[in-house]
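Visitor: To start, I am sharing the structure in question, which I have written as structure tokens.
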Amino acid sequence: MVTLLLTVTVPVTPAVGSLRDDPWQFTKPVASQGESALNAIAVATPTEAWAAGDERTAGGTHQSLIGRWDGVALHRIPGATDSDQPALDVRLADLDIAGEAVWAVGRATPAGDGAHRARIERYSRTDPGAGAVFPVAAPDLHSELGGIDMVHAGLGWTVGTAGSAEDSTRPLIMRWDGTSWAEQAGPGPGTRTNRLNAVAARSPWDVWAVGSSTSWERPGMSQILVLNYDGQSWAQVPAPDLGPHFNDLLGVTIVGDKEIMAVGYTGSPDEEPGHRQAVALLYDGATWRVLPAADPRTTEFTGVAAIYGVEAWLAGYAMVDGVETAHIERFDGVTLRPSPIDPPIAPSATNNFPATFLSDIAAGPPNSPLWAVGWRDVDVTPGRLGSTLRRNTVRQS
């Protein structure tokens, strides 16, 4: 049994009137040398999209996995490497596109070290050869990046966590000014850990980041964390209290001119997937609205993408008969409802309950496909990896 990446696309037609959901369908994934997953996707044009993740090497470590869609197929792009530290374990968490550059962020762990280092890689859209590792002046021993959003080629933000120890961290916020990445100060209410998983910019003076924080006073629990940048400084925004649970926000997107949507989960302190419940939060600048998943089996929303101003698509997974199952829901401006995935993942002779999982979802310019990426369990014949991927169409009814 091997875990392989999953990619899902859906061509989008501009919204006029009501929309009908056609099933999401599979398409061929980027080639992988071993166990792998795609964790992020970004769409540049109707015929260009980039995906990032990681794959396990023969030595047991992980390396960058990058794919580029050219309108026909998802082609593998050589991942950035470190000539002076070839034994790094690299995990990419997110990516975005600005101008001619593709930026991917995550973490790298030196062999035998155990301390994560924030990692930024840059690729070229016009010369899609091997990427380059971009220097990061991370001030702490433990640091990693989880989200990135580029406003344009000369401005962007990436967020994560950093600290002297894994159980003592602050929010890590870095700003791109067209030349270098520099850290910005941000509030961290947790006395133990503070972590940002995603960031979305409406403009250079309206940027949102989400994640969670923990405190020594409330062991085994975490509270959602929402920060906003007004062009001058970062400030914490009061957010709904989801209860004394293990709560986290994993994705955020801009919805229209005034609203944002953040997604994640709330669950019991034992952190077992079966004890979690997906949640979406809609904020209009004054009031929060809590949106439970349309399907009560939905365990996590891991990513969200907005289109047409009022509509958003949410990706993640649900626990169906005890098995992780890829799941997508659509927000029409009022409510959430499931979006069908077809064909269903069929059991095989050796795997009666194949698991699937979605890590991210993204939209692009008008008439671009919607994409969702993640992984699925597949059967393996000697020397081969099997996989199926999906795509669907949204049309006017």
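FYI, it's all coordinate maths here, none of it is from the lab. What you see is a predicted model, and the numbers here were worked out from it, not measured in a lab. Heads up, the Cβs are rebuilt from the backbone with ideal geometry, glycines too, and the neighbour counts pull from every protein chain shown.
Visitor: Which order do the peptides 163-174, 230-241, 245-256, 37-48 come out in when sorted by mean C-beta neighbours inside 10 angstrom, highest first?
Guide: Top of the packing list down: 245-256, 37-48, 163-174, 230-241.
Visitor: Show me the ranking of peptides 88-100, 318-330 by mean Cβ neighbours inside 10 Å, starting with the highest.
Guide: In descending order of packing, they fall as 88-100, 318-330.
Visitor: Now for a different question. Give me the extension gain from Arg125 to Thr57: residue separation times 0.36 nm, minus the current Cα-Cα distance, reported in nm with one decimal.
Guide: Details: separation 68, 0.36 × 68 = 24.48 nm, distance 2.59 nm.
Taking 0.36 nm per residue and subtracting the Cα distance, the gain is 21.9 nm.
Visitor: Would you order Trp24, Trp375 from fewest to most other beta-carbon atoms within 10 Å of each residue's own beta-carbon?
Guide: Final ranking by Cβ density, sparse to dense: Trp24, Trp375.
Visitor: For segment 174-252, what does the alpha-carbon gyration tensor say about shape, rounded, prolate or oblate, given a ≥ b ≥ c as the root eigenvalues, a/c under 1.5 as rounded, and a/b over b/c as prolate? Don't jump to the answer; show the numbers that get you there.
Guide: Values: a/c = 2.42, a/b = 1.93, b/c = 1.25.
Because a/c hits 1.5 or more and a/b exceeds b/c, segment 174-252 counts as prolate.
Visitor: I've got another one for you. Counting other beta carbons within 10 Å of each Cβ, put Phe134, Phe331, Phe301 in order, fewest first.
Guide: On the way: Phe134 17, Phe331 22, Phe301 29.
Ranked by crowding around the Cβ, least crowded first: Phe134, Phe331, Phe301.
Visitor: Kindly state, to the nearest 0.05, the FRET efficiency for Asp70 paired with Leu155, given R0 = 41 Å and r defined as their beta-carbon distance. Don't skip to the end; give the middle numbers.
Guide: Working: r = 28 Å, r/R0 = 0.67.
With R0 = 41 Å, the Cβ-Cβ based efficiency is 0.90.
Visitor: How large is the dipole of segment 223-327 about the Cα centre if only Lys and Arg carry +1 and Asp and Glu carry -1, each at its Cβ, rounded to the nearest 20 debye?
Guide: 180
Visitor: For the pair Glu183 and Val310, how long in nm is the line joining their label points, each one 7 Å along Cα→Cβ?
Guide: Result for the modelled spin labels: 4.4 nm.
Visitor: Give me the distance between the Cα centres of segment 356-378 and segment 68-117, rounded to whole Å.
Guide: With segment 356-378 and segment 68-117 each reduced to a Cα centre, they are spaced 18 Å.
Visitor: Which residues in segment 205-241 have a backbone N closer than 18 Å to a point placed 7 Å from the Cα of Arg175 along the Cα-to-Cβ line?
Guide: The answer is 205-210, 227-237, whose backbone nitrogens lie closer than 18 Å to the label point.
Visitor: Which of rounded, prolate or oblate describes segment 60-190 when judged by the alpha-carbon gyration tensor and an a/c cut-off of 1.5?
Guide: Numbers: a/c = 2.13, a/b = 1.28, b/c = 1.66.
Oblate, since a/c reaches 1.5 and b/c is not below a/b.
Visitor: For a protection proxy built on the mean count of beta-carbon atoms within 10 angstrom, sort 287-294, 206-213 highest first, please.
Guide: Working: 287-294: 14.8, 206-213: 25.1.
Descending packing order for the listed peptides: 206-213, 287-294.
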